[in-house]
Amino acid sequence: MGEQLWRKGAGELAALIRDRAVSASEVVEAHLARIEEVNPELNAVTVVLTEEARDGARRADRAVAEGAELGPLHGVPVTIKENIDVAGTATTQGMAALAGAIAAQDAPVVERLRAAGAIVLGRTNMPDSGLRIATESSLRGTTNNPWRRGRTAGGSSGGEAAALASGMSPLGVGNDLGGSLRNPAHCCGISSLKPTTGRIPQATDLEPRDLPPSIQLMGVAGPMARTVADVRLGYGILSGAHPRDPISVPAPLHHPDAAQRVRVALIAEPPGGSTDSRVADVVRQAGAQLATAGYEVEEVTPPEYEAVLDLWRRFLMTDVRIMWPGLAQILGQQGKDFVLAAFDEIPALDRDGYIGVLIQRQRLQRLWSEFFLDYPLILSPIWARPGFEHGWDVVDPDHSLATLELLRPVMPANALGLPAVATTGGFADGMPVGVQLMAAAFREDRALSAAEVLEAAVGVHTPIDPFVSGQ
């Protein structure tokens, strides 16, 4: 079985280890071998913690032999994006200037994974400071999409998604300020959860520890995996209040009506720009699958959709401008080009405008909260087009602005602090096309249940060997 262990999910592996069908050492070695085999083609895993992982596996095997109480991820290897602290390793944010930024303690999510028995196997690639939706790092280089060499893996958690899709890891953690958990799920054919703001705690050991309001209110960490079941498993482990994150909350994970077949608002072609017909077709197909399963699906748009998009852009770009003198010193050139193009398109807010954005945000949150009373789920694309070619987003300023347009379906969940589950809805030109399910705040369970229905209809198509299309 050893050579096939990298094909199995996190929950499956934990059960096999718990039942003594395999050892944690066998599982870790299988994933180390898989990294050695395919990572040279993909450049997804940037740091492999070989000896630490082997030591952790030996400890895990001793615990099994001694009959100790085992956590839900006991002996299971996991990977962590390079902007999340793992004690003793660098939180590089994808940039050379931070190559020596060694964290003294784990981020809360890593702490919780270890407490659940997981073994940190390695770090994964990301673009500079997470400010692009393509994983091209000035420090680590470009991550290739396992489905097609010349296509982006998405970003900013693209290294994580490519590692999962190719079997180098069964479970990972990324984060999401503008779709960074969902964008790579769309591109690589995996699943992920962008949780409600405050659901999963965040903290860093490195300066700046305290971030601007847009990142506090719109940025979250979350689980990534090949199956919705493993995303759900990770979600349960990572969630809950933590003393290092003052806005984290101990909200319930489950509600008695989680699997109820509810009304779904279908947005196949989101306002604010064009949508590739192949993407719209996949979203409508997903809507039909939910309808077959008993959901009531209707094409309808939530209130003031384009105002929500404008809110995300203005709020985030104002804070990026405030941070720009420091960022400009450490970002790679492509990262600078992308942000500067956005600056040209999105005007800066003055004091009154900034306060106005915060007031506007609460008004829109209220309108959408009321909308969820009639439509408890919203089904939409993740991107308005299939995954693009490497470098497409920085060819010129026009391409950078077109990137913001194709990205628009992910913005509402960030702008309003809502949960959104990403999963594969279908394919276009041999590439996966993701869909997302948004729900009311703290109703991740409802979105996960619907995503499981779609996954059952579409199937799970990863892990894959890189470049199965031959391109």
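Brief remarks follow.
- Summed over the range 440-468, residues that are in contact (Cβ under 8 Å) with a residue 60 or more places away in the chain and in a helix (DSSP H, G or I) total 14.
- Put simply, of I359, I378, I355 the only residue that is part of a strand (DSSP E or B) and either farther than 26 Å from I322 by Cα or free of Cβ contacts under 8 Å to residues at least 24 places away in the same chain (or both) is I378.
- Taking the conditions (1) part of a helix (DSSP H, G or I); (2) in contact with a helix residue (DSSP H, G or I) (Cβ under 7 Å, 6 or more places away or on another chain) in turn, N83 satisfies each one other than (1).
- Given (1) under 23 Å from the mean Cα position of the chain (by Cα); (2) in a helix (DSSP H, G or I); (3) of a type in the set (S, T, Y), index of the condition T318 fails: (1)
- Test: Q216 is touching a Pro at 6+ places or on another chain (Cβ under 9 Å), surrounded by fewer than 22 Cβ atoms within 10 Å (Cβ to Cβ) and farther than 24 Å from L164 by Cβ: no
- Single unsatisfied condition, S157 versus (1) in contact with a Leu (Cβ under 6 Å, 6 or more places away or on another chain); (2) over 15 Å from V78 (Cβ atoms): (2)
- Subset of the range 124-183 (residues that are in contact with an Asp or Glu (Cβ under 7 Å, 6 or more places away or on another chain) and basic (K, R)): R132, R151, R182
- No other residue among I200, I133 is among the β-branched types (V, I, T), farther than 19 Å from T79 by Cβ, surrounded by 24 or more Cβ atoms within 10 Å (Cβ to Cβ) and within 14 Å of the chain's Cα centre (by Cα) apart from I133.
- If only residues of the range 94-119 that are without any contact (Cβ under 8 Å) to a residue 40 or more places away in the chain and part of a loop (DSSP other than H, G, I, E, B) are counted, the one that is surrounded by the most Cβ atoms within 10 Å (Cβ to Cβ) is D106.
- Selection status of T462, buried (at least 21 other Cβ atoms within 10 Å of the Cβ), at pLDDT 95 or above, within 15 Å of the chain's Cα centre (by Cα) and not acidic (D, E): no
- Among residues of the range 229-247 that are more than 14 Å from V109 (Cβ to Cβ), those with a Cβ under 9 angstrom from a residue that is of a type in the set (D, E) and not in a strand (DSSP E or B), sequence gap 6+ or separate chain, pair up as A229/E452; A229/E455; D230/E12; R232/E444; R232/D445; R232/E452.
- Between E299, E304, E269, the distinction of being under 23 Å from the mean Cα position of the chain (by Cα) and either surrounded by fewer than 20 Cβ atoms within 10 Å (Cβ to Cβ) or farther than 20 Å from G219 by Cα (or both) belongs to E269 only.
- Every pair of residues 6+ apart whose Cβ atoms lie under 6 Å, when the first sits in the range 193-214 and is under 20 Å from E111 (Cβ atoms) while the second is in a loop (DSSP other than H, G, I, E, B) and basic (K, R): A203/R244
- Residue count for the range 19-78 under the criterion of being assigned to a loop (DSSP other than H, G, I, E, B), within 22 Å of the chain's Cα centre (by Cα) and either without any contact (Cβ under 8 Å) to a residue 12 or more places away in the chain or within 25 Å of R232 (Cα to Cα) (or both): the result is 4.
- Residue in the range 215-229 that is in a helix (DSSP H, G or I), of a type in the set (V, I, T) and over 19 Å from D445 (Cβ atoms) present: yes
- A single member of A63, A44, A53 is out of contact with any strand residue (DSSP E or B) (no Cβ under 8 Å at 6 or more places or on another chain) and surrounded by 15 or more Cβ atoms within 10 Å (Cβ to Cβ), and it is A63.
- When G326, G335 are screened for being under 23 Å from S137 (Cα atoms) and either touching a residue at least 12 places away in the same chain (Cβ under 8 Å) or among the polar types (S, T, N, Q) (or both), only G335 passes.
- Condition met for T124 (surrounded by 24 or more Cβ atoms within 10 Å (Cβ to Cβ), within 21 Å of A342 (Cβ to Cβ) and over 11 Å from the mean Cα position of the chain (by Cα)): no
- Being at pLDDT below 95 and among the hydrophobic types (A, V, I, L, M, F, W, C) holds for only one residue in A229, A225, A259, and it is A259.
- Applying the set (1) at pLDDT 95 or above; (2) closer than 30 Å to D396 by Cβ; (3) part of a strand (DSSP E or B) to G122 leaves exactly one unmet item: (2).
- Just one residue in the set A415, A342, A384 is over 22 Å from I322 (Cβ atoms) and either over 21 Å from the mean Cα position of the chain (by Cα) or in contact (Cβ under 8 Å) with a residue 40 or more places away in the chain (or both); that residue is A384.
- Screening L437, L401 for residues that are touching a residue at least 40 places away in the same chain (Cβ under 8 Å), surrounded by 23 or more Cβ atoms within 10 Å (Cβ to Cβ) and either of a type in the set (S, T, N, Q) or over 19 Å from A153 (Cβ atoms) (or both) leaves exactly one candidate, L437.
- All of (1) over 23 Å from the mean Cα position of the chain (by Cα); (2) in a loop (DSSP other than H, G, I, E, B) hold for G326 with one exception: (2).
- Taking the range 136-177 as the range and being in a loop (DSSP other than H, G, I, E, B) and either surrounded by fewer than 24 Cβ atoms within 10 Å (Cβ to Cβ) or touching a Cys at 6+ places or on another chain (Cβ under 9 Å) (or both) as the test, the residues that pass are S138, L139, P146, W147, A153, G154, G155, S166, L177.
The values are calculated or read from the model by the stated rules, or taken from the named source; none is laboratory data. In this text the structure is predicted, and so the values were computed from the model without any measurement. So basically every Cβ, Gly included, is an ideal-geometry build from the backbone, and we count neighbours across all protein chains shown.
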